[in-house]
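Colleague: So that we are looking at the same thing, I have put the structure below in structure tokens.
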């Protein structure tokens, strides 16, 4: 039960939302008992964006309003939707991919808010490739600027949204590695230039970083001096779950070990 000291919300998948614990208690109830807000992933995955060189957009807008209304009734108070952009040389992400994904995120956000659900806006720039820290920062700024332009065009209420961005890092195959301090400065600079102060919180994705890296980098980001008008925290999957799954390993007698590991990571 200590977990609610460190975790404020949990993103569920559709199937998990309707599952129950061994004693028959629905997962949503378990979370509520612990004062953890249930949320729901609502996108239906990435599809090719034809007319581009292997870029993509995200599907799932068609029946989103009906689904949001139902999810709200079923106890979800926030949602998340992931768009994916890739860096390749100086040509990608293309202007088309940036504008399309920004527009899709804005439509998703406005639909969520119409159903009284808080949208987490997630434009993920993949860490794949050999691009430099500086190139990632440039692209992150361009993408976030387009996202907030689209959210504004769609009259999305920014105070009722969250941003889930990538940290600014060199590509995984970049020969030049960056220190946590360098990653932190590049990340905070990109956010300062593009994310309005009206946005209450930024919950970073871990994007293929190890648990250690994700924790150390987030700590460094929070230590960067200067104006940071948003809460800067985490929305990690792998970087929170990997060691927990290793500790538990699916064995009933290891459940406590898994729980302890989760609390340790979340702290």
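The values are calculated or read from the model by the stated rules, or taken from the named source; none is laboratory data. Model, not experiment: these values are computed from the prediction. Virtual Cβ from ideal backbone geometry, glycine too; neighbours counted across all protein chains shown.
Colleague: Would you call residue 52 surrounded by 15 or more Cβ atoms within 10 Å (Cβ to Cβ) and assigned to a loop (DSSP other than H, G, I, E, B)?
Modeller: Judged against the criteria, residue 52 is a match.
Colleague: I've got another one for you. Can you find a residue that is surrounded by 15 or more Cβ atoms within 10 Å (Cβ to Cβ) and in a strand (DSSP E or B) anywhere in the stretch 22-36?
Modeller: Yes, some residue in the stretch 22-36 is surrounded by 15 or more Cβ atoms within 10 Å (Cβ to Cβ) and in a strand (DSSP E or B).
Colleague: Has the stretch 106-124 got any residue that is touching a residue at least 60 places away in the same chain (Cβ under 8 Å), within 22 Å of residue 177 (Cβ to Cβ) and surrounded by fewer than 24 Cβ atoms within 10 Å (Cβ to Cβ)?
Modeller: Yes, the stretch 106-124 has at least one match.
Colleague: Another question, if that's okay. Between 262, 232, which is touching a helix residue (DSSP H, G or I) at 6+ places or on another chain (Cβ under 7 Å), at pLDDT 70 or above and either surrounded by 15 or more Cβ atoms within 10 Å (Cβ to Cβ) or part of a strand (DSSP E or B) (or both)?
Modeller: Just a single option satisfies the conditions, and that option is 232.
Colleague: Of everything in the stretch 55-74, what is over 19 Å from the mean Cα position of the chain (by Cα), surrounded by fewer than 19 Cβ atoms within 10 Å (Cβ to Cβ) and in a loop (DSSP other than H, G, I, E, B)? Give them in sequence order.
Modeller: 62, 63, 74
Colleague: Being farther than 12 Å from residue 92 by Cβ and not in a loop (DSSP other than H, G, I, E, B) is the filter here; which residues of the stretch 124-137 pass it?
Modeller: Listed by number, the residues that qualify are 124, 133, 134, 136, 137.
Colleague: Among the candidates 141, 100, which residue alone is assigned to a helix (DSSP H, G or I) and either in contact with a helix residue (DSSP H, G or I) (Cβ under 6 Å, 6 or more places away or on another chain) or surrounded by fewer than 16 Cβ atoms within 10 Å (Cβ to Cβ) (or both)? Spell out the reasoning first.
Modeller: On the way: 100 fails: either in contact with a helix residue (DSSP H, G or I) (Cβ under 6 Å, 6 or more places away or on another chain) or surrounded by fewer than 16 Cβ atoms within 10 Å (Cβ to Cβ) (or both).
141 is the lone residue from the list that is assigned to a helix (DSSP H, G or I) and either in contact with a helix residue (DSSP H, G or I) (Cβ under 6 Å, 6 or more places away or on another chain) or surrounded by fewer than 16 Cβ atoms within 10 Å (Cβ to Cβ) (or both).
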